[in-house]
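The values are calculated or read from the model by the stated rules, or taken from the named source; none is laboratory data. All values reported here derive from a predicted model rather than from experimental measurement. Cβ sites come from the backbone with ideal geometry, for glycine too, and all protein chains shown count toward neighbours.
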Number of protein chains: 2
Amino acid sequence: MDPINQQILLVSRPEGEPTVDNFQLVETPLPDLGEGQVLVRHHYLSLDPYMRGRMNEGRSYAQPQPLGEVMIGGTAGEVIASRHPDFAVGDAVVGMGGWQQYQRVDANQRGVLKKVDTTHIPLSAYLGAVGMPGVTAWYGLTQIIAPRAGETVVVSAASGAVGAVVGQLAKARGARAVGLAGGPEKCAYVSSELGFDACIDYRQHPDLKSLGAALKAACPNGIDGHFENVGGMILDAVMLRANAFSRVALCGMIAGYNGEPIPMHNPSLILVNRMMLQGFIVSEHMALWPQALQELGTEVASGRLKYRETVAQGLASAPEAFLGLLKGRNFGKQLVKLV
Amino acid sequence: MDPINQQILLVSRPEGEPTVDNFQLVETPLPDLGEGQVLVRHHYLSLDPYMRGRMNEGRSYAQPQPLGEVMIGGTAGEVIASRHPDFAVGDAVVGMGGWQQYQRVDANQRGVLKKVDTTHIPLSAYLGAVGMPGVTAWYGLTQIIAPRAGETVVVSAASGAVGAVVGQLAKARGARAVGLAGGPEKCAYVSSELGFDACIDYRQHPDLKSLGAALKAACPNGIDGHFENVGGMILDAVMLRANAFSRVALCGMIAGYNGEPIPMHNPSLILVNRMMLQGFIVSEHMALWPQALQELGTEVASGRLKYRETVAQGLASAPEAFLGLLKGRNFGKQLVKLV
């Protein structure tokens, strides 16, 4: 066992856009395991948009990431040493180990480490379609949008780890799925590989009128449900095409370049169209995770639920890969492979 | 029986603010009753903000009021002639008779005319607290906001026909009720007579910062539910003080002076605060009216649910009274008394 653990710390807060200088790679010795502890070797780190919010100091729905500590994040790996009866060397596990090669876990803390079965589901999928992003998609689609067969569901960032699952779950429920994605390659993937009914390349539609016309063409019967990963002009355009009693699940909302809020231009459409908009954070609905993971796991194992991964190699690549994720340079779930 | 019926027609659509010239008073003869018809003499006309939307031509959630026809509106009156077995001369009835002295009703049409009991509830209340405005308040409060005891509910236009009921129903459920109203007289009424815990005079707070500070003082534990009759800056200020998992019932949303939409400045607060916003129109939820009217009728008959009326005299006063309502010159439910 390597006695040295490479870790990436957050060492400063971004002013405007984050840079690689906000992070620092350090090496620390790995102490011996105490009673009830387990040592996990990380195979994959998960990179997710929510991490951007944690880098800020200000109040949000989550505590800021403390400076000088290992950057937060989901991890998948294997047990390489154990002093806890529930975990054995070789067990595949997922947790919140952060941006580091190894994590020493106090396995008596409930829920901190979860054994997973990699017989039919690849380990990395537990950070994507069968993990937090998948459950996020499942929650917003089934608990907020709740589409009926024949309805139209729109999802932004449709090729991403969350959006791809939203559209496929909508299709599985008999709804029409329309994606928004950036660039022809992602749009082709969303339509052809993921089976969405249509995908709009938002880069081809820089203004509200153009985007609205594209939505009208892709959604001839209007929009009944919308899963919002982006906000801003996309949400404005969707609201203009929303049907009576439509539902919007708000999962991600960008801010302006300097962090100022981006307005919603016509909130009276919520009333005119009798819409329901709901913001949610999936970690606040843990009681539903088993039900969600049951469906997601079955769908992935059977090959019906498809997903794509962008994999950066080695811990040192994590900051650059994360900055790329924020700019949409990834294609599907962004991971860092450590082993 | 007077053979002449005075009626007010909508004769032109407003450009900007409506004026009395958009309306015209005409006299038409009253034809004889056909089989199954009932003649109703109106005692009260109801004036309501939704009528402003009907004056416009453009698409909204309701059909525009046709030009040259009797202006739409709720009415309460008495049967003065009947050729229908379910209605007898002297019956107190409510309907949608519009701005006219008499209405000939085809009583075989289901729901077009409803007999009401005026033993314990004044006839006019069936146009207010025990009518459409009361059910509007009941629906938004119980079906969307659904306050728990100890939570804080804010309502704009708190002295109005809808707002007054919202706050009192919230109090009856153990919640804290905070109103917004225009001017010290209305605020004193909301606090002292209606029993709200606080009322903010929004005219004293012309900017977001000032209004936010007033909301903070009136809602020291934040805002869990909000009933929005106005929109614009009030909604922005409420969202900044909203608690996690708060609910907003959207009942009314003003537009700018020239009809352009007023933006919501920080929609990302819906996500940050995991809020739920829902627009609704009470006429689309008829199945719940009996339950709502049961509670509202009991509360009014017992004297626990209070309300106030502004009564204009005579049909000819209806246009001026309606324009006053749009400017908040009424105090409580605006009625026109015809008899």
Given the conditions (1) under 28 Å from B:Ile144 (Cβ atoms); (2) away from chain A (no Cβ under 14 Å); (3) of a type in the set (A, V, I, L, M, F, W, C); (4) crowded, with 16+ Cβ neighbours inside 10 Å, which single one is not true for B:Met286? (4)
Failed criterion for B:Val130 (all others in (1) within 28 Å of B:Asn229 (Cα to Cα); (2) away from chain A (no Cβ under 14 Å); (3) not in a loop (DSSP other than H, G, I, E, B) hold): (3)
State which residue is farthest from the chain's Cα centre (by Cα) when the search covers only the range B:233-247 and only residues that are at the interface with chain A (Cβ under 9 Å from one of its Cβ atoms) and not aromatic (Phe, Trp, Tyr). B:Ala244
Within the range B:289-322, restricting to residues that are surrounded by fewer than 16 Cβ atoms within 10 Å (Cβ to Cβ) and among the β-branched types (Val, Ile, Thr), the one that is nearest to the chain's Cα centre (by Cα) is B:Val311
Across the range B:56-80, which residue is surrounded by the fewest Cβ atoms within 10 Å (Cβ to Cβ) among those that are touching a helix residue (DSSP H, G or I) at 6+ places or on another chain (Cβ under 7 Å) and more than 27 Å from B:Asp117 (Cα to Cα)? B:Ala62
Considering the range A:112-150 alone, what residues qualify as being polar (S, T, N, Q), under 17 Å from A:Lys337 (Cα atoms) and surrounded by fewer than 21 Cβ atoms within 10 Å (Cβ to Cβ)? A:Thr118
What residue, of A:Leu240, A:Leu277, is farther than 24 Å from A:Glu17 by Cβ, free of Cβ contacts under 8 Å to residues at least 60 places away in the same chain and surrounded by 21 or more Cβ atoms within 10 Å (Cβ to Cβ)? A:Leu277
Looking at A:Val272, A:Val300, which one is of a type outside the set (Phe, Trp, Tyr) and assigned by TED's automatic domain parsing to the domain that holds A:Tyr202? A:Val272
Do the conditions hold for B:Ala170, that is, is it farther than 17 Å from B:Glu295 by Cβ and either within 19 Å of the chain's Cα centre (by Cα) or part of a helix (DSSP H, G or I) (or both)? no
Residue list for the range A:97-111, filter: at positive phi and loosely packed, with under 13 Cβ neighbours inside 10 Å: A:Gly111
I'm trying to understand the selection: among the residues of the range A:15-33, which are over 13 Å from A:Gly68 (Cα atoms) and surrounded by 15 or more Cβ atoms within 10 Å (Cβ to Cβ)? A:Pro18, A:Leu30, A:Leu33
List the number of the failed condition for B:His205; all other conditions in (1) within 11 Å of chain A (Cβ to nearest Cβ); (2) more than 28 Å from B:Gly128 (Cα to Cα) hold. (1)
Given the structure, is B:Gly259 more than 14 Å from chain A (Cβ to nearest Cβ) and not acidic (Asp, Glu)? no
Sort through A:Val154, A:Val178 and tell me the only one that's modelled with pLDDT of 95 or more, buried (at least 24 other Cβ atoms within 10 Å of the Cβ) and touching a His at 6+ places or on another chain (Cβ under 7 Å). A:Val154
For the range A:177-196, give me each residue that is in contact (Cβ under 8 Å) with a residue 24 or more places away in the chain and touching a helix residue (DSSP H, G or I) at 6+ places or on another chain (Cβ under 8 Å). A:Ala177, A:Val178, A:Gly179, A:Leu180, A:Ala181, A:Gly182, A:Val190, A:Leu194, A:Gly195, A:Phe196
Hey, which of the strands (runs of 3 or more DSSP E) in the range A:1-50, taking only ones fully inside, have at least 2 residues that are of a type outside the set (Asp, Glu) and either under 13 Å from A:Leu323 (Cα atoms) or in contact with a Gly (Cβ under 7 Å, 6 or more places away or on another chain) (or both)? A:37-46
